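Read through the structure below, which is laid out as structure tokens, and then see the notes.
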Amino acid sequence: MGKVEGLISEMEKAKLVAIMTIPDAKLAIPLANAVLAGGVKIIEITFRNDQAKDALKALQAAKLPVHYGAGTVRTIEQGKTAAEAGAEFMVSPGFNESIVKWALKNNIPFFPGVDSTASIERACDLGLKILKFFPAAELGGPKWLKAVKEPYYDIKFIPTGGVTLENIQEYLQLPNVVALGGSFLAPKDLVQAQKFGDITAICKKAVDIVNSVKK
Ligand code: 3PG
């Protein structure tokens, strides 16, 4: 199995991606351990502040049994920084053709955000099959995914934006959902307060829901 297929297969199994904007790179390892203790093994560190690079590097050095990638990758420069820090996948909020082309050329799994049939088709033109659906809740959430399922029968989505413990079950039941991403697994206030035990508890609840849907 190639690098891209391997990562996608892990995502399909694990179903949950903890999206984190880390206020201080020193928190990267305790946070990764907190979600890991709750059974969440895929982490996305967003480029929404100047800590992302060092947070990714800390994960690279720690060699924890997690898959980590970079989110909010809006420039090729950020993509290069993330790749150097060992990011296994990258995500962007919108569809940016030049970054997607750069990622494809470098064999990096890249999930650009789409919010319309037009952006889905632009992504399809480049051969992408898995796309981030963002901002999911504002665009109709599961209803939007159901509506695009038939015309885009060969495309799958990672909904993010407004995903919560309350709605993951509904998303997970849809055949065109690969995995779900969100900050709900490590909420901003708990990250700020360094309440790692509370983060672990939320992740455990989410993993229990995933396992109940799989059965
Ligand atoms: C993202 O980067 O996908 C979103 O910011 C996640 O949205 P959420 O904070 O509502 O989970």
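The values are calculated or read from the model by the stated rules, or taken from the named source; none is laboratory data. Please read all numbers here as calculations on a predicted model, not as lab measurements. Neighbour counts run over all protein chains shown; Cβ positions are idealised from the backbone, glycine included. Note: accessible area is taken over every heavy atom of the protein model, side chains too, but ligands, DNA and RNA are not part of it. Shrake-Rupley method; radii C 1.70, N 1.55, O 1.52, S 1.80 Å.
Checking the conditions here, which among LYS53, LYS41, LYS80 is in contact (Cβ under 8 Å) with a residue 12 or more places away in the chain and over 16 Å from SER183 (Cα atoms)?
Matching residue, one of LYS53, LYS41, LYS80: LYS53.
Scan the range 120-131 for residues that are within 16 Å of the ligand (Cβ to nearest atom) and either open to solvent by 10 Å² or more (accessible area, probe 1.4 Å) or on the phi > 0 side of the Ramachandran plot (or both) and jot them down.
ILE130
Any idea which of ILE43, ILE8 is part of a strand (DSSP E or B) and surrounded by 14 or more Cβ atoms within 10 Å (Cβ to Cβ)?
ILE43
Got at least one residue in the range 177-184 being out of contact with any His (no Cβ under 6 Å at 6 or more places or on another chain), modelled with pLDDT of 95 or more and part of a helix (DSSP H, G or I)?
Within the range 177-184, one or more residues are out of contact with any His (no Cβ under 6 Å at 6 or more places or on another chain), modelled with pLDDT of 95 or more and part of a helix (DSSP H, G or I).
List pairs: first in the range 127-151 and over 21 Å from GLU10 (Cβ atoms), second in a helix (DSSP H, G or I), Cβ under 6 Å, 6+ apart or cross-chain?
Final answer for the pair search is PRO142/GLU170; PRO142/TYR171.
What tally of residues in the range 15-40 results from selecting those that are in a helix (DSSP H, G or I) and among the basic types (Lys, Arg)?
1
Yes or no, residue by residue, for (1) without any contact (Cβ under 8 Å) to a residue 40 or more places away in the chain; (2) in contact with a helix residue (DSSP H, G or I) (Cβ under 6 Å, 6 or more places away or on another chain); (3) open to solvent by 30 Å² or more (accessible area, probe 1.4 Å); (4) of a type in the set (Phe, Trp, Tyr):
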position: ARG48; (1), (2), (3), (4): yes, no, yes, no
position: ALA62; (1), (2), (3), (4): yes, yes, yes, no
position: TYR68; (1), (2), (3), (4): yes, yes, no, yes
position: GLU88; (1), (2), (3), (4): no, yes, yes, no
position: ASN96; (1), (2), (3), (4): yes, no, yes, no
position: VAL100; (1), (2), (3), (4): yes, no, no, no
position: PRO112; (1), (2), (3), (4): yes, yes, no, no
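Kindly list, by first and then second residue, each pair from a residue in the range 169-181 that is within 23 Å of THR21 (Cβ to Cβ) to a residue that is of a type in the set (Asp, Glu), limited to pairs with Cβ atoms under 9 Å and residues at least 6 apart or on different chains.
Short answer, once both residue conditions are applied: VAL178/GLU12; ALA179/GLU12; GLY181/GLU44.
Which is away from the ligand (no atom under 12 Å from the Cβ) and surrounded by 14 or more Cβ atoms within 10 Å (Cβ to Cβ), of PRO142, PRO159?
One residue alone meets the criteria, PRO142.
Could you look through the range 11-40, keep only residues that are open to solvent by 30 Å² or more (accessible area, probe 1.4 Å) and small (Gly, Ala, Ser), and pick out the one that is nearest to VAL73 (Cα to Cα)?
The residue in question is ALA14.
Okay, residues lined up against (1) within 16 Å of the ligand (Cβ to nearest atom); (2) within 21 Å of PRO30 (Cα to Cα); (3) within 18 Å of the chain's Cα centre (by Cα); (4) among the polar types (S, T, N, Q):
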residue: ARG74; (1), (2), (3), (4): yes, no, yes, no
residue: GLU77; (1), (2), (3), (4): no, no, no, no
residue: GLY86; (1), (2), (3), (4): no, yes, yes, no
residue: SER98; (1), (2), (3), (4): no, no, no, yes
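Keeping to the range 194-208, report how many residues are touching a residue at least 24 places away in the same chain (Cβ under 8 Å), open to solvent by 40 Å² or more (accessible area, probe 1.4 Å) and in a helix (DSSP H, G or I).
5
For the range 1-47, give me each residue that is under 19 Å from ASP208 (Cβ atoms), among the charged types (D, E, K, R) and in contact with a strand residue (DSSP E or B) (Cβ under 7 Å, 6 or more places away or on another chain).
Correct list: LYS15, LYS41.
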